[in-house]
1. Kindly indicate the residue of region 3-36 that is touching a residue at least 40 places away in the same chain (Cβ under 8 Å) and buried (at least 19 other Cβ atoms within 10 Å of the Cβ) and also nearest to T55 (Cα to Cα) among those meeting that condition.
2. Is at least one residue of region 79-95 acidic (D, E), at pLDDT below 90 and over 30 Å from A151 (Cα atoms)?
3. Residues that are at pLDDT 90 or above, aromatic (F, W, Y) and in a helix (DSSP H, G or I): does region 120-128 have at least one?
4. Of all residues in region 1-31, how many are over 26 Å from L73 (Cβ atoms) and not in a loop (DSSP other than H, G, I, E, B)?
5. Of the numbered conditions (1) surrounded by 13 or more Cβ atoms within 10 Å (Cβ to Cβ); (2) more than 27 Å from the chain's Cα centre (by Cα), P56 fails exactly one; give the number of that condition.
6. Please verify whether A157 is modelled with pLDDT under 90, surrounded by 11 or more Cβ atoms within 10 Å (Cβ to Cβ) and part of a helix (DSSP H, G or I), treating the condition exactly as stated.
7. Which of the residues that make up region 143-169 are closer than 21 Å to M101 by Cβ, free of Cβ contacts under 8 Å to residues at least 40 places away in the same chain and hydroxyl-bearing (S, T, Y)?
Amino acid sequence: MLSENIKAIRKSKGLSQQELAVKLNVVRQTISKWEQGLSVPDSDMLIAISEALETPVSILIGETVTEPEADDLKAISEKLEIINLQLAQRKTARRKMIHWMLILLCAVIVIIFAALAVCNSPYLGWDYSDPETAVVGVGFHAFEWLFIRTAPIIFAAAVIGIFLTRKKS
């Protein structure tokens, strides 16, 4: 009876023999021997088993434990269905957020391009004999140089991302 109960409870908790053995600091073969009825755990180990399986000792040594009923399986499947629905909703929300962030990125790139076109590289006419003006001019030039070279690639990637994350009917 004890051997059958250990096996049934372990399986109902979703534990393998190896996982239970790790929790109890024994080898897997020991669990196998207990479940086959070839050996019996001592009283201290019985308490440890009950704690590991979160089951009272009286149930371990008492009546035979049955496998989960069809109603239990139905309840589990309903819970899994709810979890799957929640995960699908999260995925949809994440996709929408990424879609709108990519649209915002494209808009920002277009606005910066327009601002740079209107400014027409103003730092070219600055007096670089003043150290502060020189630093600002070099910084502005570095930003413009880097932006002009990387923005088209980022823009193209964002447009592709917008098409990939759009709502599929």
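1. Among residues in region 3-36 that are touching a residue at least 40 places away in the same chain (Cβ under 8 Å) and buried (at least 19 other Cβ atoms within 10 Å of the Cβ), the one nearest to T55 (Cα to Cα) is I9.
2. So the first thing to find is which residues in region 79-95 are acidic (D, E), and the list is 81.
Cutting the leftovers down to at pLDDT below 90 gives us none.
No - not one qualifying residue is present in region 79-95.
3. Looking only at region 120-128, we keep the residues that are at pLDDT 90 or above, and these are none.
So far as region 120-128 goes, no, none of its residues is at pLDDT 90 or above, aromatic (F, W, Y) and in a helix (DSSP H, G or I).
4. Counting residues in region 1-31 that are over 26 Å from L73 (Cβ atoms) and not in a loop (DSSP other than H, G, I, E, B) gives 6.
5. Result: P56 fails condition (1) only.
6. For A157, the condition - modelled with pLDDT under 90, surrounded by 11 or more Cβ atoms within 10 Å (Cβ to Cβ) and part of a helix (DSSP H, G or I) - is not met.
7. Residue satisfying the conditions is T150 alone.
So that you can scan it fast, the table gives a plain yes or no per residue for (1) within 30 Å of L20 (Cβ to Cβ); (2) in contact with an Asp or Glu (Cβ under 9 Å, 6 or more places away or on another chain); (3) of a type in the set (D, E):
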residue	(1), (2), (3)
E81	yes, no, yes
Q89	no, no, no
C106	no, no, no
E144	no, no, yes
A158	no, no, no
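The values are calculated or read from the model by the stated rules, or taken from the named source; none is laboratory data. Fair warning: this is a prediction, and the values are worked out from it, not measured in the lab. Every residue, glycine among them, receives a Cβ derived from its backbone with ideal geometry; neighbour counts consider all protein chains shown.
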